[in-house]
Amino acid sequence: MTKTKGKIPPVVTLNYSKTDLIIKEGDYGVSIYEVISGKVGIFVESGGAEIRVAILGPGMIVGEMAFISGNTSTRSASARALENCCLEVWHPAMLLDAYKQMPDILRLIAGQALKLIVRMNKMVVGLSLKQEQLQDSQTQKLSDQRDDNRKFYRKMVSLECVFRPVNSPEDLELPGRIRDISKRGLGMTVKTSRLFNYILIPGDELFISTYFVPDQTVNMTAKIIWLKKGETDGAISLGMVLTHMDPDDRKRLGFFLMP
Amino acid sequence: MTVNSQVLGYIVSEERFSDKSVIIKEGSIGDWVYVILKGRVKIKKQTSGGLLTIDILSEGNFVGEMAMLKQSNSTRTASAVADGPVVLGLLDSVRLLQEWEAQPARIKKLISNLIQNLEEATKKAADMIVE
């Protein structure tokens with residue numbers, strides 16, 4: 001527990017750049033932050049995925065849950081800058097005496113709210129994962145209504161990539177372009193003229209290499225679920241579900257997909 | 001859980017509710033707070049898939065505290081329904097509010113922020129439940 005005798009550290013203002021991690025889930029931390037400018041996302045990790053449970057703007061507090069729970073538990077969620085942010089950092093020592101002197105009834109009410117918020121966040125995470133699975137089992141159907149259903153999960157991109165069918169020679173590199181990607185699957189366009197003699201059909205598995213940031217190759221294996229002729233001549237669109245990805249690459253994808 | 005002795009000092013009257021009777025209705029206005037003295041209360045929220053029970057509260061828990069502590073307005077964010085016969089203690093809202101207002105600004109901000117987050121998390125969970 002923080003000592004309240006002696007000097008109380010002054011309020012500090014910190015600047016964060018977009019995507020910076022402010023609080024990490026599972027860490028021990030005592031600071032409380034007030035958002036002065038910018039937006040902060042609150043994320044809960046589940047099964048290797050980060051699920052966003054809240055967005056906080058100016059005037060809102062980040063990190064109060066650990067304080068109210070008595071600083072005895074670890075951070076229950078991560079906080080990440082969604083844009084360039086300025087935060088005021090409060091040392092809990094500033095608040096601890098006041099919190100201790102508060103009537104029991106107010107502390108009990110805060111404690112009850114805290115318990116419920118943890119449960120609601122868990123429910124949101126559970127539902128997010130369920131929805132994502134549902135979407136992937138209906139890749140074809142949902143691709144037509146992507147705008148409505150995939151705002152959060154599927155990122156629209158234009159990433160150059162190389163790929164080859166899993167049973168083809170290892171030095172084969174066919175060019176393609178990833179059009180959208182989620183933690184579960186991706187859409188890709190391929191020019192038929194550049195396929196040589198390879199014919200792709202649903203069910204085929206492909207090795208795909210791309211990069212989300214320069215000089216950092218990300219590899220994955222994906223299975224073709226559907227295939228259709230593109231709007232421009234000689235191009236096809238592939239709808240795929242990821243079948244394998246190394247943990248490190250999965251993490252990179254997770255960060256890449258961060259809104 | 002038993003009722004905290006300090007909390008008992010805030011009770012101005014006791015109210016009894018029979019099974020399934022509505023104690024607080026979602027969307028209505030009000031900021032009074034109860035503490036459960038006996039029985040259980042279900043907290044329910046309207047979703048597109050019907051009413052969802054988000055919490056079951058028992059002795060010593062508070063009912064209706066969110067509307068009191070949030071800064072925006074006193075619209076009830078969820079309904080409270082008796083789960084079996086219930087005895088509730090109505091708390092002295094004037095005293096409670098005075099004590100709340102007397103808290104340092106940062107403490108107030110901290111707790112009302114927590115309540116606001118809770119409201120949003122509840123709404124988000126409710127919005128995600130379809131059918």
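Every read-out reported here was derived from the displayed coordinates using simple, explicitly stated rules and does not represent laboratory data. Please read these numbers as outputs of a predicted model, since none were measured by experiment. Using ideal geometry, Cβ is built from the backbone for each residue, glycine included, and neighbour counts are taken over all protein chains shown.
For A:S158, the shell of other residues with beta-carbons less than 10 Å away shows a net charge of 0, using +1 for Lys and Arg and -1 for Asp and Glu. B:K45 sits among other residues whose Cβ lies under 9 Å from its own Cβ, and their net charge, with Lys and Arg +1 and Asp and Glu -1, is +1.
Considering only A:L238, A:L96, A:L172, the mean-square fluctuation computed in a Gaussian network model of chain A, springs between alpha carbons under 10 angstrom, is largest for A:L172. Each residue, A:L227 and A:D246, gets one label point 7 Å from its Cα in the Cβ direction; the gap between the two is 2.9 nm. Computed per residue of the protein assembly as shown from DSSP H runs no shorter than four, each worth -39500 (n - 2.57), the mean residue ellipticity at 222 nm is -8500 deg cm²/dmol.
Judged by the gyration tensor of its Cα atoms, with axes a ≥ b ≥ c, the stretch A:12-133 is oblate; a/c meets the 1.5 cut and b/c is at least as large as a/b. Legend: distances between Cα atoms for A:K39/B:K42; A:K115/B:K25; A:K39/A:K155; A:K130/A:K183; pairs beyond 25 Å are A:K39/B:K42. Of the trypsin sites (Lys or Arg not before Pro) found in the stretch B:11-70, those in coil by DSSP whose Cβ has at most 11 other Cβ atoms within 10 Å are B:K20. Using the Cβ-Cβ distance between A:M258 and B:E101 with R0 set to 41 Å, the FRET efficiency from 1/(1 + (r/R0)^6) comes to roughly 0.55. Per residue, the average separation of C-alpha pairs within less than 8 Å and at least 6 apart gives chain A a relative contact order of 16 percent. Within the stretch A:222-259, list the residues whose amide N lies under 14 Å from a label point set 7 Å along Cα→Cβ of A:E205. Of the residues in the stretch A:222-259, A:222-225, A:241-246 have backbone N under 14 Å from the label point off A:E205. Compute the helix-to-body angle for A:247-256: its Cα long axis versus the longest principal axis of chain A, expressed 0 to 90° and rounded to tens. Approximately 80 degrees, to the nearest 10. Each label was represented as a point 7 Å from its Cα along the Cα-to-Cβ direction; for A:T217 and B:I56 these points are 5.5 nm apart. Once the convex hull of all Cα atoms in the protein assembly as shown is built, its volume per residue stands at 163 Å³. Summing +1 for each Lys or Arg and -1 for each Asp or Glu among the other residues whose beta-carbon sits under 10 angstrom from that of A:I23 gives +1.
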